[in-house]
Amino acid sequence: RDRYGRTLAYAWRGDTLVNETVVRAGWAFLLTVPPNVKYARRLERAQKAARRARAGLWREPGLACAPRDWRARRC
């Protein structure tokens, strides 16, 4: 659980990391919350691939910036 009491989990279906599949398809943004960081780099690579491919939510120009980066005024 994180500091807000939310359950942090990785979802698996067989050998497939569902979190990665959804991020790679562009239908989720990466949010890493310690201590749940085991697959952070793997998920970061999936998000970069989605952005490069302009997949899912990254298709529209208005979502060219991740919410975390937008809040930090990095884009």
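Dividing the convex hull volume of the alpha carbon atoms of the chain by its residue count gives 103 Å³ per residue.
Under a Gaussian network description of the chain, with springs only between Cα atoms under 10 Å, the residue in Arg42, Arg24, Arg51 that fluctuates furthest is Arg42. Among Arg41, Arg52, Arg13, which one shows the biggest mean-square fluctuation in a GNM of the chain, springs joining Cα atoms closer than 10 Å? Ranking Arg41, Arg52, Arg13 by mean-square fluctuation puts Arg13 first.
Ignoring ligands, DNA and RNA, what percent of the 1.4 Å accessible area of the stretch 9-57 is carbon and sulfur? Before the final figure, lay out the partial values.
Numbers: 1850 of 3400 Å².
Looking at the stretch 9-57 in its full context, I get 54 percent from C and S.
Per residue, the chain exposes 78 Å² of accessible surface when a 1.4 Å probe is rolled over the protein heavy atoms with every protein chain present. With Cα atoms defining each centre, the stretch 56-75 and the stretch 29-46 are spaced 17 Å apart in the structure.
Backbone geometry of the stretch 44-50 corresponds, through the Karplus equation with coefficients 6.51, -1.76 and 1.60 at θ = phi - 60°, to 3J(HN,Hα) couplings of 5, 4, 5, 5, 4, 5, 5 Hz, x marking Gly and Pro.
Give the peptides 67-73, 26-32 in descending order of average Cβ contacts within 10 Å, highest first.
Answer by packing, highest mean first, reads 26-32, 67-73.
The values are calculated or read from the model by the stated rules, or taken from the named source; none is laboratory data. Just so you know, these numbers come straight off a predicted model, no measurement behind them. All Cβ positions, glycine included, derive from the backbone under ideal geometry; neighbour counts span all protein chains shown. These area figures cover heavy atoms from the full protein model, side chains too; ligands, DNA and RNA do not enter into them. Shrake-Rupley method; radii C 1.70, N 1.55, O 1.52, S 1.80 Å.
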